[in-house]
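For reference, the structure is listed below as structure tokens.
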Amino acid sequence: ATARIGIAVFITTLFHIVGTSAGEPPKSTPSAKLLVEARTIASALSEPADRSSALESILLTQVSLDPAGARETLKSFSDLPNRSNHFASLASVYATEGNIDEAERMYAEIRIGDRSSRLGKLAAANARGYVAVAYANAGKMEDAFRIVSQLRDQFRETPPAIISTAMTAIAEAQARHGDIPGAVRARPDDAGRHADARPGRRPAGVAGSAR
């Protein structure tokens with residue numbers, strides 16, 4: 001009964017967050033504080049499955065509304081499943097802002113926490129791809145392409161989807177920075193291939209030296 005009450009309060013809190021924060025910057029709304037309150041409620045649930053599910057939902061909301069709060073949640077609950085994926089999602093948030101340092105930190109968190117599992121390796125690849133996007137959004141295209149090249153070399157047999165995702169984002173960043181020809185070459189063709197879109201390069205396979 002206590003667990004059900006806790007979940008009910010938690011769900012009500014989340015609905016309140018959605019209702020009060022839609023379309024508004026997180027820091028101008030009570031979203032972050034409400035999410036912390038919801039996290040406190042969730043952490044007190046006695047059933048492990050209920051607790052894990054509630055915290056997972058809170059994290060998903062925090063990643064989009066309060067990235068700093070999401071990082072605090074991940075730090076406070078190190079036994080949560082999908083931690084690596086949440087760090088990768090945070091890397092994508094920081095990548096959009098062109099925040100290279102924070103995107104790199106999220107990648108490092110995955111490498112420290114889960115180096116060996118298949119899901120951990122995929123999450124690390126995703127985070128690394130978002131680091132490339134962060135470089136591109138910061139105007140550092142050579143670094144962005146270098147990282148994509150490293151990912152291609154690392155996953156020659158089965159390239160992860162993040163490579164195409166990163167290249168598309170890099171193309172958009174190039175267009176914003178005025179390199180329209182490079183942006184056109186960076187866009188994937190129908191087969192998912194990309195030309196060399198780096199400044200001053202002729203169309204060819206994307207290449208770069210591994211770091």
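Each reported figure results from applying straightforward, stated rules to the coordinates on display, with no laboratory input. Not measured: the values here are computed from a predicted model. Quick reminder, even Gly has a Cβ in these numbers, built from the backbone with ideal geometry, and neighbours come from all protein chains shown.
Of the peptides 149-161, 53-65, 174-186, the ranking by mean beta-carbon count within 10 Å, highest at the top, reads 53-65, 174-186, 149-161.
Students often forget the sequence filter, so: which aspartates and glutamates lie under 20 Å Cα-Cα from Lys75 once same-chain residues fewer than 8 apart are removed? Here the aspartates and glutamates satisfying the reach criterion relative to Lys75 are Glu37, Asp50, Glu56, Asp66, Asp101, Glu102, Glu104, Glu109, Asp114.
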